[in-house]
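This report concerns only the one structure given below.
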Amino acid sequence: MDNILVCKVLKGVPASKGIAVGRIFIMQDLAPLVSRKAAPDKPEAEILRYRAARERVWLRFKQDAAHVLKELGPGKGNILDVHALILKDQVLNQEIELLIYTGKKAEVAVETVLNKISEQQKQAQNKYLKERFTVSRDIGRQLVIELLGAHRLEEVKDKGDVIVVARQLTPFALADHPANIKGFAVETGGPTGHAAILARAYNIPMVLGIPGIEAAVRNGAQAVLNGATGELIVNPSPEVLKVSIMLRNRELAAAAKARTENAVPETRDGRRINLLMNIETTRNLDTSNPHAADGVGLFRSEFLFMHRETLPTEEDQFREFDKVAKAFFPRKVVIRTVDFGGDKQPPAGIEAGNRSAYSGLRGIRYCLAHEEFFETHLRAILRAGASGNVSVMFPMVPGLETFRKAKAFLKMTRDKLEAEGVKLGKPLPVGIMIEVPSAALMAGSLARESDFFSVGTNDLVQYTLGIDREDSSYSGYGIFLPPSVIQLVQLVVDSAHKKNKSVAVCGELAHNTLAVPLLIGLGVDELSMDASHIPSTLQAIRSLSFSGCRELAQKALMLETPGEIKDLLKSPAPGTAA
Ligand code: PEP
Ligand code: MG
């Protein structure tokens with residue numbers, strides 16, 4: 001039998017969930033084509049050919065960046081703008097043209113220079129430089145495609161539903177992908193790379209890290225890609241294909257329903273929970289924003305600063321904050337001041353934090369140590385706050401003294417703006433992220449001076465247990481709450497409620513359906529999460545009774561190990577489930 005009909009399951013790393021069904025389209029590897037290029041007769045003419053190709057690629061970079069900027073917001077659009085900037089770099093171009101002048105074909109010169117640069121960047125000690133190596137490779141590939149006249153992804157437009165297979169995928173491939181591309185299966189890359197970030201933003205299933213994928217599949221073969229399990233099934237049996245199509249259709253229908261869902265997040269016995277969104281960019285604000293969301297509970301503003309060559313100005317920042325405030329008006333928007341540090345290093349143009357990423361200059365400590373930067377940032381937030389629905393929240397506050405400093409800085413910035421004649425409306429509510437045990441233990445004092453709390457369970461679990469949140473062992477503790485963290489959340493809720501202040505949870509636990517009854521039972525008022533989890537959390541809330549949740553929480557507070565809590569949450573108390 002022909003190989004093409006043998007069913008194969010290739011395993012990789014899940015990078016963007018969802019099921020895709022389509023025919024395989026292999027994105028060509030260009031290296032063999034480049035190596036066949038002979039030396040040019042006239043180097044001068046070859047240089048002109050290179051320059052013309054460079055201009056076309058540059059123009060496309062700019063168009064793609066503008067397109068992504070419009071669809072996904074600056075956090076993503078800027079990823080592509082950086083490419084356009086580098087392409088115009090004088091030193092880089094001199095080096096390429098010099099090689100062409102000495103007799104190399106343009107494709108070969110481009111590949112030689114950009115491969116050299118990307119290898120140097122890959123080996124660099126500096127994290128910022130290191131991350132640049134894929135950008136250089138990307139630019140090289142785009143230039144070579146242009147010079148060779150080879151195809152871009154646009155060519156799959158009339159090929160029906162396709163799953164693109166590639167050895168390596170650039171953010172560009174996603175930036176201008178035609179709508180009939182239903183999934184990506186790629187040999188290299190990791191789930192936190194830019195291509196994966198864009199795939200998730202566009203809701204396209206993606207699996208990365210499938211070794212030898214190009215050789216393992218054939219162009220045109222039928223396939224099913226499961227972005228949640230990390231599997232690519234090539235030549236599936238008719239039964240598998242039928243079930244996959246059914247599951248895919250069900251997923252698409254659920255997503256469409258979620259967008260029009262208008263139910264209220266209320267328990268069966270009438271406890272209203274505010275259901276809020278966590279956002280990182282200003283992307284899709286008016287389309288993917290489920291009606292159920294009561295606003296934005298956490299705008300991780302530091303993402304506006306990522307992947308940029310220059311710092312965003314006050315005006316740049318204001319525009320983004322204002323866009324979110326207006327899109328959600330009159331619902332509230334909680335803007336968290338930047339939380340640089342940990343795995344989120346500040347961009348070029350401002351000083352990086354110190355070596356100990358998670359416990360060094362992080363969150364509010366970073367801002368208070370960089371006053372000029374902080375003032376610009378707060379000016380933008382305060383100006384956007386004139387709309388009347390914005391709150392500001394400080395991350396990584398350890399206690400009262402730091403909070404007072406941050407509040408005083410905010411007031412000083414506001415006074416200055418007012419002295420300049422800027423109309424700001426009422427002072428903004430000011431809240432605290434409770435994400436270190438110290439803040440949780442001091443919640444009584446903090447609640448007196450803060451307008452609200454939001455518990456960042458991702459960090460609270462990390463700092464309470466001393467387990468790095470990026471370590472693979474973390475998830476076991478994060479999913480099934482350890483008793484120490486439950487006690488801390490209870491303390492925070494009680495302290496806040498005594499002063500009539502609200503408590504949100506905005507860490508990943510907020511959408512864990514096992515943890516939701518417990519958080520509600522502990523008295524948490526608001527849950528804030530990625531938009532994609534709002535529909536399932538809404539359903540979970542509507543199936544619960546508040547009295548049952550309270551009983552559950554009382555039991556959980558008596559338990560002493562994560563295992564006991566896990567067992568309790570897996571067998572809900574009477575009245576907690578529908
Ligand atoms: C948290 O720590 O739970 C949180 C929401 O903040 P981040 O994940 O951005 O650190
Ligand atoms: Mg945090």
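The values are calculated or read from the model by the stated rules, or taken from the named source; none is laboratory data. Keep in mind the model is a prediction, meaning the values are calculated, not measured. So basically every Cβ, Gly included, is an ideal-geometry build from the backbone, and we count neighbours across all protein chains shown. Heavy atoms of the whole protein, side chains included, go into the accessibility calculation; ligands, DNA and RNA do not. Shrake-Rupley method; radii C 1.70, N 1.55, O 1.52, S 1.80 Å.
Some observations on this one:
- Restricting attention to the range 361-398, the residues that are more than 14 Å from ligand 1 (Cβ to nearest atom), free of Cβ contacts under 8 Å to residues at least 60 places away in the same chain and open to solvent by less than 10 Å² (accessible area, probe 1.4 Å) total 5.
- Some residue of the range 66-81 being modelled with pLDDT of 85 or more, outside any helix (DSSP H, G or I), out of contact with any Cys (no Cβ under 8 Å at 6 or more places or on another chain) and open to solvent by less than 40 Å² (accessible area, probe 1.4 Å): no
- Remark: pairs (first residue in the range 429-442, more than 12 Å from residue 504 (Cα to Cα); second residue away from ligand 1 (no atom under 13 Å from the Cβ) and assigned to a strand (DSSP E or B); Cβ separation under 8 Å; 6+ apart in sequence or on different chains) = 429/391; 429/392; 429/452; 430/391; 430/392.
- Test result for residue 303, modelled with pLDDT under 90 and within 30 Å of residue 463 (Cα to Cα): yes
- Tallying residues that are over 21 Å from residue 340 (Cβ atoms) and within 16 Å of ligand 2 (Cβ to nearest atom) within the range 397-440 yields 2.
- Among residues that are farther than 30 Å from residue 220 by Cβ, modelled with pLDDT of 85 or more and in a loop (DSSP other than H, G, I, E, B), residue 297 is not included.
- If the condition is being among the polar types (S, T, N, Q), open to solvent by less than 50 Å² (accessible area, probe 1.4 Å) and within 16 Å of ligand 1 (Cβ to nearest atom), then the range 416-470 contributes 454, 457, 458, 462, 464.
- In the range 217-231, the residues that are more than 12 Å from residue 20 (Cα to Cα) form Cβ pairs under 6 Å with partners that are in a loop (DSSP other than H, G, I, E, B) and not hydrophobic (A, V, I, L, M, F, W, C), at six or more places apart or across chains, as follows: 221/235.
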